[in-house]
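To start, the structure under review is shown below, and the notes come after it.
The values are calculated or read from the model by the stated rules, or taken from the named source; none is laboratory data. Remember, it's a predicted structure, so these values are computed and weren't measured experimentally. Neighbour counts are summed over all protein chains in view; Cβ atoms, including those assigned to glycine, are modelled from backbone coordinates with ideal geometry.
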Amino acid sequence: MHPEHARLRAELEALSPPPDRGPPANYLGQGSHPLLGVSVPEKRALARAWASARKGAPAAEVLPVVESLFAGETYDEKTLAPLILSQHRAARLAVRPQDVHRWLADLVGWAEVDHLCQGLFPAEQLLADWPAWRPMIARLAGDATISRRRAALVLLTAPVRRSPDPRLKDLAFANLEILQRERDILITKAVSWLLRSLVTHHPEAVAAWLQAYDAELPAIARREVRAKLDTGRKTSRAPA
């Protein structure tokens with residue numbers, strides 16, 4: 001354990017609420033790691049303070065701490081790691097696809113995966129090194145571990161929503177082709193999420209996809225994506 005990881009772990013333990021006031025077990029998002037129960041705002045504040053104190057530090061000083069946190073015992077350590085990356089731009093920009101692939105081996109369930117994969121790496125970062133990012137994300141779609149298969153979809157949700165680049169769109173549809181028939185909620189919800197994100201720049205392509213694969217898509221994806229196409233929202237229900 002990195003010495004700074006040990007210090008951060010002690011701070012997390014100090015922030016941990018009593019067991020009777022902590023979040024329920026399903027807060028782990030189908031994960032299995034021990035839960036200290038530190039709230040997201042508290043973890044975000046801890047990450048911000050730690051990264052701010054190292055604002056001018058090189059990525060090489062920050063990434064070993066992040067690496068150590070991902071290998072930590074608890075959910076809270078594992079989800080603090082990407083929050084630190086989000087607060088330290090130099091470290092986040094230094095992350096390589098092989099780092100993400102390696103870190104995913106220590107993550108279980110949607111909550112841990114999404115902390116790392118949802119929006120942390122923007123379209124610009126992926127496209128700047130596309131020959132490296134593309135094969136890694138494509139490989140995740142065929143991984144034997146369901147958490148990594150979810151990552152193959154979630155890594156693309158923010159990039160395709162923010163960028164119309166056809167390379168992102170093509171990889172998204174390729175991964176959807178592989179994963180759309182799965183019925184575990186970790187995948188079905190991510191299929192819906194990615195298709196809805198694609199609506200921003202590619203509504204015609206999503207509508208055609210929905211028509212072509214209607215019988216194979218999870219029911220939740222058909223319902224939510226149709227609503228997004230028709231109303232711009234996840235559901236067709238009018239806002240209160």
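Of the residues Val113, Val154, the single one that is part of a helix (DSSP H, G or I) and in contact with an Asp or Glu (Cβ under 8 Å, 6 or more places away or on another chain) is Val154.
Looking only at the range 188-217, filter to residues that are β-branched (Val, Ile, Thr) and surrounded by fewer than 22 Cβ atoms within 10 Å (Cβ to Cβ); which one of those is nearest to Val108 (Cα to Cα)? Per the criteria, the residue is Thr188.
Only one entry in Ala151, Ala144, Ala132 is of a type outside the set (Val, Ile, Thr), exposed (fewer than 14 other Cβ atoms within 10 Å of the Cβ) and within 21 Å of Glu67 (Cα to Cα), namely Ala132.
Which one is farthest from Leu156 (Cα to Cα), of the residues in the range 181-223 that are part of a loop (DSSP other than H, G, I, E, B) and over 22 Å from the mean Cα position of the chain (by Cα)? Can you show your working first?
We begin by selecting, within the range 181-223, every residue part of a loop (DSSP other than H, G, I, E, B); these are 181-184, 199-202, 213-218.
Applying the additional criterion that residues be over 22 Å from the mean Cα position of the chain (by Cα) yields 213-216.
On the way: Tyr213: 20, Asp214: 22, Ala215: 24, Glu216: 21 Å.
For the range 181-223, the residue satisfying everything is Ala215.
Is it true that some residue in the range 164-183 is buried (at least 18 other Cβ atoms within 10 Å of the Cβ), modelled with pLDDT under 95, more than 20 Å from Pro97 (Cβ to Cβ) and not polar (S, T, N, Q)? Among the residues of the range 164-183, not one is buried (at least 18 other Cβ atoms within 10 Å of the Cβ), modelled with pLDDT under 95, more than 20 Å from Pro97 (Cβ to Cβ) and not polar (S, T, N, Q), which makes the answer no.
Which residue pairs have Cβ atoms closer than 8 Å, lie 6 or more positions apart in sequence or on different chains, and pair a first residue in the range 5-20 that is closer than 13 Å to Glu42 by Cα with a second residue that is of a type outside the set (Ser, Thr, Tyr) and exposed (fewer than 11 other Cβ atoms within 10 Å of the Cβ)? Pairs found: none. Candidates Ala71, Ala60, Ala6: the one that is farther than 23 Å from Phe121 by Cβ and modelled with pLDDT of 95 or more is Ala6.
Selection over the range 55-86 of residues that are of a type in the set (S, T, N, Q), surrounded by fewer than 21 Cβ atoms within 10 Å (Cβ to Cβ) and either free of Cβ contacts under 8 Å to residues at least 40 places away in the same chain or in a helix (DSSP H, G or I) (or both) gives a count of 2.
Selection of the range 101-129 for residues being farther than 16 Å from Phe70 by Cβ and of a type in the set (A, V, I, L, M) yields Ala123, Leu126, Leu127, Ala128.
So in the range 52-95, with the set limited to residues that are of a type in the set (D, E, K, R) and within 20 Å of the chain's Cα centre (by Cα), which one is farthest from Trp110 (Cα to Cα)? Give the steps one after another, and end with the answer.
If we filter the range 52-95 for residues that are of a type in the set (D, E, K, R), which is where we start, we get 54-55, 61, 67, 73, 76-78, 89, 92.
Add one more test, that the residue is within 20 Å of the chain's Cα centre (by Cα), and what stays is 67, 73, 76-78, 89, 92.
Numbers: Glu67: 20, Glu73: 17, Asp76: 14, Glu77: 16, Lys78: 13, Arg89: 24, Arg92: 21 Å.
Among residues in the range 52-95 that are of a type in the set (D, E, K, R) and within 20 Å of the chain's Cα centre (by Cα), the one farthest from Trp110 (Cα to Cα) is Arg89.
Residues considered: Asp99, Asp114. Of these, the only one that is modelled with pLDDT of 95 or more, over 18 Å from Ala172 (Cβ atoms), of a type in the set (Asp, Glu) and surrounded by 14 or more Cβ atoms within 10 Å (Cβ to Cβ) is Asp99. Among the residues of the range 111-118, is there at least one that is outside the structural domain of His5 (by TED's automatic domain parsing) and under 20 Å from Ala60 (Cα atoms)? Yes: the range 111-118 contains one or more residues that are outside the structural domain of His5 (by TED's automatic domain parsing) and under 20 Å from Ala60 (Cα atoms). Given the criterion of a type outside the set (A, V, I, L, M, F, W, C), part of a helix (DSSP H, G or I) and in contact (Cβ under 8 Å) with a residue 40 or more places away in the chain, identify the matching residue among Arg226, Arg148. The conditions single out Arg148.
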